[in-house]
Structure formats: C-alpha cells, structure tokens
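The values are calculated or read from the model by the stated rules, or taken from the named source; none is laboratory data. What you are looking at is a predicted structure, and each value in this text was computed from that prediction instead of being measured. Note that we place each Cβ from the backbone using ideal geometry, even for glycine, and neighbour counts take in every protein chain shown.
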Amino acid sequence: MTVYVDTMQAHFKGMLMCHMIADSEQELHAMAAAIGMQRKSYQGDHYDVPMHMKELAIRMGAREIGMRQLAAMVFLWRAGQPMGDPETAVLRMRAWKRQNVTVQRR
C-alpha cells in the first residue's frame, strides 16, 4: 500500500497546498495523523495538505506523483475501479472513458 502526494501548488488561505491520497482510507488517515493533519481536513477521498506537511509525508514514505496522475487515480476510484499505479493511471482512465462513452451511445 502506498500514500501519494501530487505536484499541485494551489494557494489557500495564505498557504500553498497539494493533495494526498492512498490505496486505502486507513493508510490515508494514518499518514494524515502522522504528519499532524486534522480529520476535518479530509475531503472524502483525499486531504488538502500544506507544503510543509507534504515534505514531512514524503520523508515518512509518501510518493510524489504528478497532478494528472493523481487526478486519474481519483477518477478511477470514484468510477469503482482500482486506483492502480500512477504510471498507468492516465491511460487506464482514458480507456475507461472511451469504453463507457461507447456503452452510453448504444
């Protein structure tokens, strides 16, 4: 199981933020607690994490991935598919979309 943080840098209340996801909710919440995140920061499938906590998460074993990879993994999870690995997430998301658009058009 793996925890992932993305390369996004969005401003929120004077802080730079990124996203954090994991293969399981248990692992996600465990990492969030370990880096000092409050549970109220949980967004239903990810945490919005300030940069200083992102660096701590990486030191504790989280893996940094691209924004597009993370977004594809979340999309797949929301579609009821396995997140899988970030290296194939974008291609798998595109394939899922093509297949499901084709099914809807029939």
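Results, tabulated for the structure shown:
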item	result
Candidates Met15, Met20, Met60, filtered to the one that is under 11 Å from the mean Cα position of the chain (by Cα) and not acidic (Asp, Glu)	Met20
Members of region 1-60 that are of a type in the set (D, E, K, R) and assigned to a loop (DSSP other than H, G, I, E, B)	Lys13, Asp23, Asp45
Residue pairs meeting the criteria (Cβ under 8 Å; at least 6 apart or on separate chains; first free of Cβ contacts under 8 Å to residues at least 40 places away in the same chain and under 13 Å from Ile65 (Cα atoms), in region 1-25; second hydrophobic (A, V, I, L, M, F, W, C) and in a strand (DSSP E or B))	Cys18/Val5; Cys18/Ala10; Cys18/Val49; Ala22/Val3
Enumeration of residues in region 61-106 that are aliphatic (A, V, I, L, M), touching a strand residue (DSSP E or B) at 6+ places or on another chain (Cβ under 9 Å) and assigned to a helix (DSSP H, G or I)	Met67, Leu70, Ala71, Met73, Val74, Ala89
Hits in region 3-29 (condition: surrounded by 14 or more Cβ atoms within 10 Å (Cβ to Cβ) and under 14 Å from Val74 (Cβ atoms))	Val3, Tyr4, Val5, Asp6, Met8, Cys18, His19, Met20, Ile21, Ala22, Asp23, Leu28
Cross-chain or 6+ apart pairs with Cβ under 9 Å, region 55-70 first and at pLDDT 95 or above, then aromatic (Phe, Trp, Tyr) and not in a helix (DSSP H, G or I)	Ala62/Tyr4; Arg63/Tyr4; Glu64/Tyr4; Ile65/Tyr4; Gln69/Tyr4; Leu70/Tyr4
Some residue of region 1-17 being of a type in the set (Gly, Ala, Ser) and at pLDDT 95 or above	no
When residues of region 32-47 are limited to those that are under 19 Å from Ala71 (Cβ atoms) and at pLDDT 95 or above, the one surrounded by the fewest Cβ atoms within 10 Å (Cβ to Cβ)	Tyr42
